[in-house]
Structure formats: structure tokens, C-alpha cells
Amino acid sequence: MEVCGTHTMSIFKHGIRSLLPESLKLLSGPGCPVCVTPQSDLDRFIVAARQKDVVVASFGDLFRVPASHSTLMKERRQGHDIRVVYSPMDALDLAKNNPDRSIIFLAVGFETTAPAVAATVLMAESENIQNFFILSAHRRVVPALELLITHPNTTIDGFILPGHVSTIIGEIAYTHIPEKWGIGGVIAGFEAVDILYAIHQLIINIRKKTPCIENAYQRAVHPEGNRKAREFISRVFSITDAQWRGIGMIPNSGLMVNSKYAAFDATNHFDLNTEKSASPKGCQCGEVLMGLISPIQCQLFDKACTPGYPVGPCMVSSEGTCAAYYRYHR
């Protein structure tokens, strides 16, 4: 299984699946942060956008993702102030330039984006900026891998581990996996040769029955990752249980703003309660994210669900498996 959505796109772009024998199957995993964000979080984003005197700042890949009854794009068309930013620091600048309004940054992503969000909170504290808030939907990758390994319906022999996340958490974050479950992985870059090398090494280790974690992306990933980035995360966030779309609650897989920085947590300042959320009818994003089915096995794929009219986030995100299948596999 390639865990990362960027790997999925690269695999399709370079036609790697077409080079492999029938005995070797690549599964696409839950490595797209927008895709694993549950419907309840998306509904909270919409509620946040409707708050009075609030500007919501978000990365662009969230704009068209369907919540239960709307999208951020629709909310902006209806007059709510929702802005695309390229980093959380851009959202902090909005707070500085609009002191009479509250800025809520929608913090979605894995350990890759969490350090920048944490650093922004620390800067907001140092500059005494009191109208900047975050709504955290951050997720941690390793607990999801552990769930996939132990799930009764998955058949995974090895992981192509995410390059971007691994630059933060390092090789050491995965070393317990082969020791505990006998499944290995290779940390890989995103060029075709990186992915092919990872597949090659996984096959060798599987055939030799010597599962291990190999770092094949040493030009970017250090064994201990990025210590400073991990320090930022640990200062601002606490680990918590979290819901994943179509998968359910995964223990210790989320990041919430800790009590020391509660002043920057949007949930402490705004009423963001929502009605009970439900995934779109017929959408099988959850099964796709777990590698239980391919997108073409979903009853909505290329019918009711297309990039122009997406039903679920897997068809919207640039890293979504369904988007990759739609763009390349057909």
C-alpha cells in the first residue's frame, strides 16, 4: 500500500501499475488529509464560516469538498468571508490587518502541516494577537497504519511510506511496526524511480521474510525526522482520539490545541455545534481509503460522482484516489 496521496498521483502519472505483474497489487491508502476529514468536521467548517464578524481562512483544496448541506465555495458565494491562503502565516497576517474581526484558520493536514500551524500559534502569542484562532482537524499517520494492519479485511504485505510526513516524524516513528506485526515499509520520494525502488526493496524483504523499515528518501528524511518541527507540535498540540472518514474512531490519531494555548482554539470562543452528520449516500470513500475497494468499484464513480460534481472528498482533492483514477485510469 502506498499511504500518501502524492504517491498515488505519481504512480498513475508514470504508469507504474501497468508495469507490474498480476501477482503484485498496489493499494491506495488514507494519505490524503482532506479525504480522511470526517463529515462532522466539514460541517463545523461551514458553521464557522457563518459566524458574525468572522473571516475563515483555508487552503484551496477544502473549498469544493461537500459538507452535509453546503461547501465553503457556496458559502462564499452567499456572502460569507472565506479566503484561500497558502500558509497559516497568511491567516495570521489577516488577523493583524483586520483587528476588528476574528480570523479562523481551518487547520487540516497530517504531521506535515501541523508544525507550521503550531509555529503560527506561537507567533500569535508572542505578538499578543487576540483575534487569531485555529480549528484543528489534524491527523497523525502512524495510528492509521496500525489500524490498517490489524483490520480483519485488509491484506497488506508492505507499505510505501509517505515522504513528506516522514521528513517530520522520521524513520524512528515506524520501527515498531515490523517488530510488532511483521510488516515492513520503505520511505520513498515521489519520482518514478523512487517508487519503483521502494517496490523492489519491499519485494526483496517480503520474499526473504525479513520485514524492516528502510529509508530510501535520505536526501530529505533523517532517522529522527525534524526535531524542531516535532517540538512545535508537542508545545501547541495534545494527542487525542479522532474520527477518520469511513474508518471511524482511531485512538491517538488526532491533534487538538492543548490547554496552554486554549485562547487560540476556535472551539473555545465560538458556538460550532452541528446537527448529526452523515456521509453522502452511496459514497464509498471509506472503503477506498482503506484499500478495500478501488474507486471503479464504487457505484457512484464516473456516474453521479465526477470532478465537476463530486460527491465525496476523494474525488475533489488533488491527492484523492478517486481523482487520480478519474484522471489517469480511464
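The values are calculated or read from the model by the stated rules, or taken from the named source; none is laboratory data. Given the structure is predicted, the values throughout are model-derived calculations rather than measurements. Virtual Cβ from ideal backbone geometry, glycine too; neighbours counted across all protein chains shown. In case anyone asks, the SASA skips ligands and DNA or RNA and just uses the protein heavy atoms, side chains included. Shrake-Rupley method; radii C 1.70, N 1.55, O 1.52, S 1.80 Å.
This table checks each residue for (1) more than 25 Å from Ile204 (Cβ to Cβ); (2) of a type in the set (A, V, I, L, M); (3) assigned to a loop (DSSP other than H, G, I, E, B); (4) open to solvent by 30 Å² or more (accessible area, probe 1.4 Å).
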| residue | (1), (2), (3), (4) |
| --- | --- |
| Ile129 | yes, yes, yes, no |
| Ile134 | yes, yes, no, no |
| Ala137 | yes, yes, no, no |
| Leu145 | no, yes, no, no |
| Thr154 | no, no, yes, no |
| Phe159 | no, no, no, no |
| Ser166 | no, no, no, no |
| Pro178 | no, no, no, no |
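Only one of these conditions is not met by Val55: (1) outside any loop (DSSP other than H, G, I, E, B); (2) out of contact with any Asp or Glu (no Cβ under 7 Å at 6 or more places or on another chain). Which number is it?
(2)
Of the residues Gly246, Gly254, which single one is touching a residue at least 40 places away in the same chain (Cβ under 8 Å), at positive phi and of a type outside the set (Lys, Arg)? Spell out how you get there, then give the answer.
Numbers: Gly254 fails: at positive phi.
After applying the criteria, what remains is Gly246.
Can you name the residue in the range 218-274 that is of a type in the set (Asp, Glu) and open to solvent by 80 Å² or more (accessible area, probe 1.4 Å) and is also nearest to Ser166 (Cα to Cα) among such residues? It would help to see each step written out before you state the result.
Within the range 218-274, the first condition is being of a type in the set (Asp, Glu), and the residues that meet it are 224, 231, 241, 265, 271.
Now narrow it down to the ones that are open to solvent by 80 Å² or more (accessible area, probe 1.4 Å): 241, 271.
Working: Asp241: 21, Asp271: 36 Å.
Going through the qualifying residues, I end up with Asp241.
Out of everything in the range 47-66 that is without any contact (Cβ under 8 Å) to a residue 60 or more places away in the chain and hydrophobic (A, V, I, L, M, F, W, C), what residue ends up being farthest from Thr321 (Cα to Cα)?
The selected residue is Val55.
Do we have any residue at all in the range 58-71 that's open to solvent by 20 Å² or more (accessible area, probe 1.4 Å), basic (Lys, Arg) and not in a loop (DSSP other than H, G, I, E, B)?
no
For Pro211, indicate whether it is surrounded by 12 or more Cβ atoms within 10 Å (Cβ to Cβ), at pLDDT 95 or above, in contact with a strand residue (DSSP E or B) (Cβ under 6 Å, 6 or more places away or on another chain) and outside any loop (DSSP other than H, G, I, E, B).
Numbers: surrounded by 12 or more Cβ atoms within 10 Å (Cβ to Cβ): yes; at pLDDT 95 or above: yes; in contact with a strand residue (DSSP E or B) (Cβ under 6 Å, 6 or more places away or on another chain): yes; outside any loop (DSSP other than H, G, I, E, B): no.
Considered against the rule, which asks whether it is surrounded by 12 or more Cβ atoms within 10 Å (Cβ to Cβ), at pLDDT 95 or above, in contact with a strand residue (DSSP E or B) (Cβ under 6 Å, 6 or more places away or on another chain) and outside any loop (DSSP other than H, G, I, E, B), Pro211 comes out as no.
Would you check if there is a residue in the range 91-103 being among the small types (Gly, Ala, Ser), modelled with pLDDT of 95 or more, under 23 Å from the mean Cα position of the chain (by Cα) and closer than 26 Å to Glu275 by Cβ? Break it down stepwise before answering.
Of the residues in the range 91-103, the ones among the small types (Gly, Ala, Ser) are 91, 95, 102.
Filter again for modelled with pLDDT of 95 or more, leaving 91, 95, 102.
Applying the additional criterion that residues be under 23 Å from the mean Cα position of the chain (by Cα) yields 91.
With the extra rule that they be closer than 26 Å to Glu275 by Cβ, the set shrinks to none.
Checked against the condition, which is being among the small types (Gly, Ala, Ser), modelled with pLDDT of 95 or more, under 23 Å from the mean Cα position of the chain (by Cα) and closer than 26 Å to Glu275 by Cβ, the range 91-103 yields no hits at all.
Tell me which of these Arg83 doesn't satisfy, since it passes every other one: (1) surrounded by 19 or more Cβ atoms within 10 Å (Cβ to Cβ); (2) at pLDDT 95 or above.
(1)
When you look at Gly254, is it of a type in the set (Gly, Ala, Ser) and in a loop (DSSP other than H, G, I, E, B), yes or no?
Details: of a type in the set (Gly, Ala, Ser): yes; in a loop (DSSP other than H, G, I, E, B): no.
The answer is no for Gly254.
Can you tell me which of Glu125, Glu111, Glu75 is touching a residue at least 60 places away in the same chain (Cβ under 8 Å) and part of a helix (DSSP H, G or I)?
Working: Glu111 fails: part of a helix (DSSP H, G or I); Glu75 fails: touching a residue at least 60 places away in the same chain (Cβ under 8 Å).
The unique qualifying residue is Glu125.
Condition check: surrounded by fewer than 12 Cβ atoms within 10 Å (Cβ to Cβ) and without any contact (Cβ under 8 Å) to a residue 60 or more places away in the chain. Does Gly282 satisfy that? Working first, answer last.
On the way: surrounded by fewer than 12 Cβ atoms within 10 Å (Cβ to Cβ): no; without any contact (Cβ under 8 Å) to a residue 60 or more places away in the chain: yes.
Considered against the rule, which asks whether it is surrounded by fewer than 12 Cβ atoms within 10 Å (Cβ to Cβ) and without any contact (Cβ under 8 Å) to a residue 60 or more places away in the chain, Gly282 comes out as no.
Would you tally the residues in the range 11-51 being more than 29 Å from Ala107 (Cβ to Cβ) and part of a loop (DSSP other than H, G, I, E, B)? Spell out the reasoning first.
Keep residues of the range 11-51 that are more than 29 Å from Ala107 (Cβ to Cβ), which gives 14-26.
Narrowing further to those that are part of a loop (DSSP other than H, G, I, E, B): 14-15, 20-26.
Number satisfying all stated conditions: 9.
Determine which member of the set Met1, Met9 is crowded, with 24+ Cβ neighbours inside 10 Å and in contact (Cβ under 8 Å) with a residue 60 or more places away in the chain. Talk me through it step by step, then tell me what you get.
On the way: Met9 fails: crowded, with 24+ Cβ neighbours inside 10 Å.
One residue alone meets the criteria, Met1.
What residue, of Val186, Val193, is within 21 Å of the chain's Cα centre (by Cα) and either assigned to a helix (DSSP H, G or I) or at pLDDT 95 or above (or both)?
Val186
So the check is Cβ under 8 Å with 6+ separation or different chains; which pairs have a first residue in the range 197-221 that's farther than 20 Å from His7 by Cα and a second one that's modelled with pLDDT of 95 or more and open to solvent by 30 Å² or more (accessible area, probe 1.4 Å)?
Once the first residue is farther than 20 Å from His7 by Cα and sits in the range 197-221, its partners that are modelled with pLDDT of 95 or more and open to solvent by 30 Å² or more (accessible area, probe 1.4 Å) give Asn205/Pro211; Asn205/Cys212; Asn205/Glu214; Ile206/Asp157; Pro211/Gly182.
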